[in-house]
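Trainee: Submitted below is the structure of interest, expressed as structure tokens.
The values are calculated or read from the model by the stated rules, or taken from the named source; none is laboratory data. As the structure is a computational prediction, the values presented were derived from the model and not from experiment. Cβ atoms come from the backbone with ideal geometry, glycine included; neighbour counts cover every protein chain shown. These area figures cover heavy atoms from the full protein model, side chains too; ligands, DNA and RNA do not enter into them. Shrake-Rupley method; radii C 1.70, N 1.55, O 1.52, S 1.80 Å.
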Amino acid sequence: MKPVLKKINGILLLDKPLHFSSNGALQRIKRLFGAKKAGHTGSLDPLATGMLPLCFGAATRLSQFLLDSDKQYLTEVRLGIKTTTGDAEGDVIETRPVVDVDAEKIKNVLTHFVGRIEQIPPMFSALKYKGKPLYALARQGLSVERQARAVFIHACRLISCTEASFVFDVHCSKGTYIRTLVEDIGERLGCGAYVTGLRRVAVSPYQQNKMYELSELEGIASEAGPDGLMRCLLPIDSSVSHLPRIQLSASGSFYVRTGQAVSVPELPFDGLVRLFSEHDQFMGIGEVLEGGRVSPKRLVSDD
């Protein structure tokens, strides 16, 4: 007999374990919660750990905001070696001596990667070519031409270094390939490099929020049951907490739910806003129009 799945709404900040795929971690948590609907917001490689926001129920309708948000990573780098994948999972394809590389040189090189940069996506990525993910082609030994893409690096900060390795913190825009960034840094250092460890420490706007380990959630489920697990969830609108909050009247809530724009006093000049009903229930995202009106853009509901 199949278990009865529950309608759950909210966002869980999972600390993804090592060697788990993002989807594998999602399915494990989905079963633990007994949730009817859930999705993750951007993959982490199996060799990466750290923050993986999981959206339950109505929160999946706002997952794009987390997909598009900035990320922060703690990255461990091995110098003098290049691999097929740019990380420890690949085969070694080149070794070079590490000459005259110290903390000052690494810091200087990192500054060259701050700001808008161009990256060529790696073959071992989920980008698709003629309907097939690039990693599937790469595993067949194939390589196809990829177009460079612009990303933005807000900050690169050296944490520590040895003669053959270093650790740095990077705050970057969506779409940034850390493996590619490390390979490019290695080339500028003149010795090559690959990622030996990667941990995502933040996904905007969740810079200070608690992450839950899988074992911790299993313990909560065992000791406190479903109610304990529900207390681990963040509100749906936490993913868009940076947007201005707009309170609608009863009539305004009604017309917005039917897809119509409504007049609201003291609106921002433009942009997106969070919409709340007259009962303080989060309704979704609205878009400010001319003439002091706001229209529904992405509404959420309990289904």
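Trainee: Run Glu94 past the list (1) in contact (Cβ under 8 Å) with a residue 60 or more places away in the chain; (2) in a strand (DSSP E or B); (3) under 30 Å from Ala221 (Cα atoms) and report the number of the one that doesn't hold.
Mentor: Only one criterion in (1) in contact (Cβ under 8 Å) with a residue 60 or more places away in the chain; (2) in a strand (DSSP E or B); (3) under 30 Å from Ala221 (Cα atoms) is unmet by Glu94, namely (3).
Trainee: Follow-up. In the stretch 102-128, what residues are in contact with a strand residue (DSSP E or B) (Cβ under 8 Å, 6 or more places away or on another chain), of a type outside the set (Val, Ile, Thr) and exposed (fewer than 14 other Cβ atoms within 10 Å of the Cβ)?
Mentor: Asp102, Ala103, Gly115, Arg116, Glu118, Ala126
Trainee: Only one residue in Ser249, Ser239, Ser263 is in contact (Cβ under 8 Å) with a residue 40 or more places away in the chain and among the small types (Gly, Ala, Ser), so which one is that?
Mentor: After applying the criteria, what remains is Ser239.
Trainee: Take the stretch 46-94 and flag every residue that is among the acidic types (Asp, Glu) and more than 14 Å from Val201 (Cα to Cα).
Mentor: Of everything in the stretch 46-94, those that are among the acidic types (Asp, Glu) and more than 14 Å from Val201 (Cα to Cα) turn out to be Asp68, Asp87, Glu89, Asp91, Glu94.
Trainee: Can you find a residue in the stretch 58-68 that is touching a residue at least 60 places away in the same chain (Cβ under 8 Å), open to solvent by less than 40 Å² (accessible area, probe 1.4 Å) and touching an Asp or Glu at 6+ places or on another chain (Cβ under 7 Å)?
Mentor: Checked the stretch 58-68: at least one residue is touching a residue at least 60 places away in the same chain (Cβ under 8 Å), open to solvent by less than 40 Å² (accessible area, probe 1.4 Å) and touching an Asp or Glu at 6+ places or on another chain (Cβ under 7 Å).
Trainee: Identify, from the list Glu213, Glu290, the residue that is modelled with pLDDT of 95 or more and open to solvent by 40 Å² or more (accessible area, probe 1.4 Å).
Mentor: Just one listed residue meets the conditions, Glu213.
Trainee: If I filter the stretch 120-128 for residues that are farther than 16 Å from Gly192 by Cβ, among the small types (Gly, Ala, Ser), in contact with a Leu (Cβ under 8 Å, 6 or more places away or on another chain) and without any contact (Cβ under 8 Å) to a residue 40 or more places away in the chain, do I get at least one hit?
Mentor: no
Trainee: Here is a follow-up. Just to check your reading of the model, which residue among Arg78, Arg96 is basic (Lys, Arg), modelled with pLDDT of 95 or more, in contact with a strand residue (DSSP E or B) (Cβ under 7 Å, 6 or more places away or on another chain) and open to solvent by 60 Å² or more (accessible area, probe 1.4 Å)?
Mentor: None of the others qualify; the one that does is Arg78.
Trainee: Can you find, within the stretch 32-51, the residue that is farthest from the chain's Cα centre (by Cα) among those that are under 19 Å from Glu76 (Cα atoms) and among the aliphatic types (A, V, I, L, M)?
Mentor: Leu47
Residue-by-condition table, conditions (1) under 26 Å from the mean Cα position of the chain (by Cα); (2) within 17 Å of Cys191 (Cβ to Cβ); (3) not polar (S, T, N, Q):
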| site | (1), (2), (3) |
| --- | --- |
| Glu89 | yes, no, yes |
| Glu104 | no, yes, yes |
| Leu110 | yes, yes, yes |
| Ile120 | yes, no, yes |
| Tyr129 | yes, no, yes |
| Ala148 | yes, no, yes |
| Arg157 | yes, no, yes |
| Ser160 | yes, no, no |
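Trainee: If I ask for residues that are among the polar types (S, T, N, Q) and either part of a helix (DSSP H, G or I) or open to solvent by less than 20 Å² (accessible area, probe 1.4 Å) (or both), which ones from the stretch 23-51 would you list?
Mentor: Answer for the stretch 23-51, where residues must be among the polar types (S, T, N, Q) and either part of a helix (DSSP H, G or I) or open to solvent by less than 20 Å² (accessible area, probe 1.4 Å) (or both): Asn23, Gln27, Thr41.
Trainee: Taking the condition more than 16 Å from Ala59 (Cβ to Cβ), among the hydroxyl-bearing types (Ser, Thr, Tyr) and open to solvent by 70 Å² or more (accessible area, probe 1.4 Å), does Ser263 pass?
Mentor: Answer is yes for this residue.
Trainee: Among the residues of the stretch 159-192, what is the count of those that are farther than 16 Å from Ile117 by Cβ and either in contact with an Asp or Glu (Cβ under 8 Å, 6 or more places away or on another chain) or among the aromatic types (Phe, Trp, Tyr) (or both)?
Mentor: Total meeting the criteria: 6.
Trainee: Exactly one of (1) open to solvent by 40 Å² or more (accessible area, probe 1.4 Å); (2) closer than 30 Å to Val101 by Cβ is unmet by Glu223. Its number?
Mentor: Status for Glu223: all satisfied but (2).
Trainee: Answer with yes or no whether Leu54 is on the phi < 0 side of the Ramachandran plot, surrounded by fewer than 22 Cβ atoms within 10 Å (Cβ to Cβ), in a strand (DSSP E or B) and at pLDDT 95 or above.
Mentor: No, not satisfied.
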